[in-house]
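Every number here is computed from the coordinates shown, using simple stated rules; none is lab data. Just so you know, these numbers come straight off a predicted model, no measurement behind them. With ideal geometry, Cβ positions are generated from the backbone for all residues, glycine too; neighbour counts draw on all protein chains shown.
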């Protein structure tokens, strides 16, 4: 029986969003939808370049194998073939794919960074590892010729499961790491921890797997790489989330090309969820080969390739212990995790189970002592990197599964144990390196409980029991850290990249505006949200603002989109550029009205002399900037075009409570989501319609992880057993309910929009909510995700035996 | 060896020669340059390539171009009339039934195809009917709302 306490808070800092007066906060229909709904979007595979050729990659069928020799003669003679290259054809100047975050282990040693060649050299280390590229006139010719490439493999024993990687005698994925350990890293004070555990009244211990997931953006990865002899330059179209980073890594670290001679365009991108952040081998090989072939090279992954060659997510095995006093107060948390890196270090692989995981283990609670040790291991599988949430879903799963289990073990209500431990004073410095700036966790908990009708749950459970069904309720009060920052702190922690964002606001003579953002939209709707921000600040129509993204040839710089950072970091960069526009506009307006700058204020699209109704419109100022006849040319440059870079001073901390209600059929183990409720605090919200959509999508992926999705490699052979949509269970419409979502608002304190980010919350909070609900329904202590009917059925049987 | 094929695509007659193995989706995206129809998988599971064949939704990766001989094909490009969105397209926009837009053409065509099957299906029926179409962005919540509203508009 789940006990519940419903306490509605009186007036609090956290309020429901009020109805907006301007574009900010309005549910504006998306600008980008017109092209997407009429088939006019332009995704990478829709780009056809003159004289383009087509590439097909030859991939390793073995999880681990020595490459004795590769014979390409037959393939080269195949009809339409222009070139075939293998790892042996790459000059020594071509480097491996770099990892963007150096983790230093507890022993002071840097992580092991074995070379990640763009075409396998000497060994293939996972099924799907690219071994050769075939370039031909048509896709079919390339594919047929690829089958003519003869690779003489000597298969080697493989290790694919994190639990096997460190076993004595396990095959070594890389000679540089004979024990398969990439690093052992720790965070927190283990001394304080031991003392706290010694005086604990209760300790809850769980061991669990965070299942490996395959991101599965519906647009497969693709590229089209062209070389121009005219100016010795390259243009790369690529389905990617951060084109500037792609260009920097590819030119400076792998191919040794001049950065300014390479233009990377990430046009419409059909979903990313992290998997398109990274610099991959395929587009790098195509750029390298484009000059040799002298014609553009196009490659589009088939879905079967996506399964084996996209970076995967999660894949942790964890043992976690929570120490509590007799009142359910958390005293200490000890976590030990082994995390898979896969066969090679993907672009941000190393920071996911460390910087983005262990630092989140305080959750929403005042746990005073926390220690986390992470061992990262190489396995003969596709690389593992950030997937929606990236470290934070794993941390939330640890904390919220422990909290729910502790509550059950101590007969405390699920909300009560959380209320007793919530952080209530901000700013709050956690024992794991973060400082939360603001939040009101109880407001979200109360909001979720009300929306989920927790009060009515006992009745629903009773009613279900009459039908022979088991009902369960699961809570997950998550926290996430978004807008990874600041750059100098991240740098001291091993980041090899800046974490700022850039934005340019170009006001045209007619007062229309083009915004160039370093953020990238691949479904998030930036073209609308950012236009709302600009329209609100300048007092112009949303339709008069065009947002351009995804092109290194047009945008000053950018770190792209990942980690729910776009509005908090990219939006703030635009705000800063807008500040410069307004500041210059005031000077122009002051000149026109013959007053001093200090006497001019800008509101509602008008520059007004303070305390009077004398004003000039924004459009008039814009025109004056470009037709500077009556203009202070001695003091001010003409034109109205400003760029700003913004490096945040802290993370933002979205948080919320998700409540899942499940109904389990004990006869079959079939589990249905009866309802799913999310009450989130994303700070201020620019477009509630878009934010709700982001929450829905995240929830679907989180519920997918809990109930359906699981990447399975054969433990012996290393073959991917879930290599198609017939084997990997993607959530379909009938697998999911309609969601109940609401928000509470505590504005972020350190950015001008007061925004926190919303893209990952659903995927972070949902898995623990679902699994807590299933455990509540079945009485099981733990069930491994995905909670398939078989696993749930076995858990029900085991619980019945205990009774 | 190419063989002749004649069909109607978005109201226009098309007569040409194709390789026998050419899939309908390859024919649409390649020679006809109708790139609104997308390819998201290689096992006929994702539904991104759904078009209407004689008014019925069909996965165009699951059909050869030559099998479309004499048939009438409607793709996402052929849905709007005189620049006005089809009621289903309008409903998707109004209800934020799309995010990255990649599954959208197939999803919209599948939804339009539903009109012939049920006038006012329930939420559960719509979810079952969309079984052949993946969306990874929206969690289907707003798609279901859009389809419900679009169907109501179509039959109004």
Practice prompt. Report, in whole Å, the centroid distance computed from the Cα atoms of the range A:655-709 and the range A:114-137.
Written response: 39
Discussion item. Restricting to Cα pairs below 8 Å that are 6+ residues apart, what does the relative contact order work out to for chain B? Please round to a whole percent.
Written reply: 25
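Once the mean 1/r over all distinct Cα pairs of the range A:506-588 is inverted, what Kirkwood radius in angstroms do you read off?
On the way: mean 1/r = 0.0773 Å⁻¹.
In the range A:506-588 this quantity evaluates to 12.9 Å.
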Worksheet entry | Two-site FRET efficiency, residue B:62 against residue A:68, from Cβ-Cβ distance with R₀ of 41 Å, rounded to 0.05 | 0.55
Worksheet entry | Rounded Å value of the spacing that divides the Cα centres of the range A:531-605 and the range A:147-186 | 51
Discussion item. Can you give the FRET efficiency to the nearest 0.05 for residue A:104 and residue A:325, using r as the Cβ-Cβ distance and R₀ = 35 Å?
Written reply: 0.50
Item to complete: Tell me, rounded to the nearest percent, the portion of alpha carbon pairs in the range B:40-115 spaced more than 22 Å apart.
Response: 22
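Order these by the 10 Å Cβ neighbour count, fewest first: A:707, A:736.
Values: A:707 27, A:736 22.
In increasing order of surrounding Cβ atoms, one gets A:736, A:707.
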Worksheet item: In the range B:3-78, if every C-alpha pair distance is counted and binned at 10 Å from zero, what percent goes to each bin?
Response: 21, 61, 17
Practice prompt. For the range A:176-267, state what percent of all Cα-Cα pairs lands in each successive 5 Å bin, counting from 0 Å until the bin that includes the largest distance.
Written response: 2, 9, 12, 11, 9, 9, 10, 9, 7, 7, 6, 4, 2, 1, 0, 0
Worksheet, complete the sentence: Expressed in µm² per second, the diffusion coefficient of the range A:736-803 from the Stokes-Einstein equation, with Rh the Kirkwood radius over alpha carbon pairs, at 25 °C and 0.890 mPa s, is 165
Worksheet, complete the sentence: With label points set 7 Å from each Cα along the Cα-to-Cβ direction at residue B:15 and residue A:668, the distance between them in nm comes to 5.4
Fill in: Principal axis box of the range B:1-142, alpha-carbon based, largest edge first, Å
47, 34, 27
Item to complete: Would you mind checking the radius of gyration and Dmax of the range A:317-412 based on alpha-carbon positions, in Å?
Response: 14.7, 46
Worksheet entry | Where Rh is the Kirkwood radius over Cα pairs, Rg/Rh for the range B:87-155 | 0.91
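Calculate how large, on average over all directions, the projected area of the Cα convex hull of the range A:486-544 is; give the answer in nm² to one decimal. Numbers along the way, then the final one.
On the way: hull surface 21.4 nm².
So the Cα hull casts an average projection of 5.3 nm².
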Worksheet item: In nanometres, what is the gap between the two model label sites at residue A:603 and residue A:429, each 7 Å from Cα along Cα-to-Cβ?
Response: 4.1
Item to complete: Give, in whole angstrom and from largest to smallest, the semi-axes √(5λ) of the equivalent ellipsoid of the range A:396-491, with λ running over the eigenvalues of the Cα gyration tensor.
Response: 34, 14, 13
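Output the Kirkwood hydrodynamic radius of the range A:435-557, Cα pairs only, in Å rounded to one decimal.
On the way: mean 1/r = 0.0517 Å⁻¹.
19.3 Å is the Kirkwood radius here.
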Worksheet item: So for A:207, A:661, fewest C-beta neighbours within 10 Å to most, what's the order?
Response: A:207, A:661
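Within 10 Å of each residue's Cβ, count the other Cβ atoms and sort A:237, A:227 from fewest upward.
By the 10 Å Cβ count, ascending, the order reads A:227, A:237.
Quote the convex hull volume per residue of the range A:150-191, based on C-alpha atoms, as a whole number of Å³. If you can, show how the numbers build up before the last one.
On the way: hull volume 5.0 nm³, N = 42.
Convex hull of Cα atoms, per residue: 120 Å³.
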Response to the item:
So, with points 7 Å from each Cα along the Cβ direction, the residue A:583-residue A:734 label distance in nm works out to 6.0
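Give me D for the range A:441-489 in µm² s⁻¹, whole number, from Stokes-Einstein with Rh from the Kirkwood sum over alpha-carbon pairs, 25 °C and 0.890 mPa s. Present the calculation step by step, with values, prior to reporting the outcome.
Numbers: Rh = 13.8 Å.
For these conditions, the coefficient is 178 µm²/s.
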Item to complete: Stick to Cα atoms and the Kirkwood definition of Rh, then tell me Rg/Rh for chain A.
Response: 0.99
Worksheet item: For residue A:649 and residue B:72, what is the calculated FRET efficiency with R₀ set at 51 Å and r taken between the beta-carbons, to the nearest 0.05?
Response: 0.25
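What is the diffusion coefficient of the range A:205-344 in µm²/s, taking the Kirkwood radius over Cα pairs and the Stokes-Einstein relation at 37 °C with a viscosity of 0.692 mPa s?
Numbers: Rh = 17.6 Å.
Answer, rounded: 187 µm²/s.
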Worksheet item: Rg/Rh for the range A:504-655: what does it come to with C-alpha atoms and Rh from Kirkwood?
Response: 1.01
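For the range B:1-93, calculate the relative contact order in percent as a whole number, restricting contacts to Cα pairs under 8 Å that are 6 or more residues apart.
On the way: 162 pairs, mean separation 29.9, N = 93.
The value is 32 percent.
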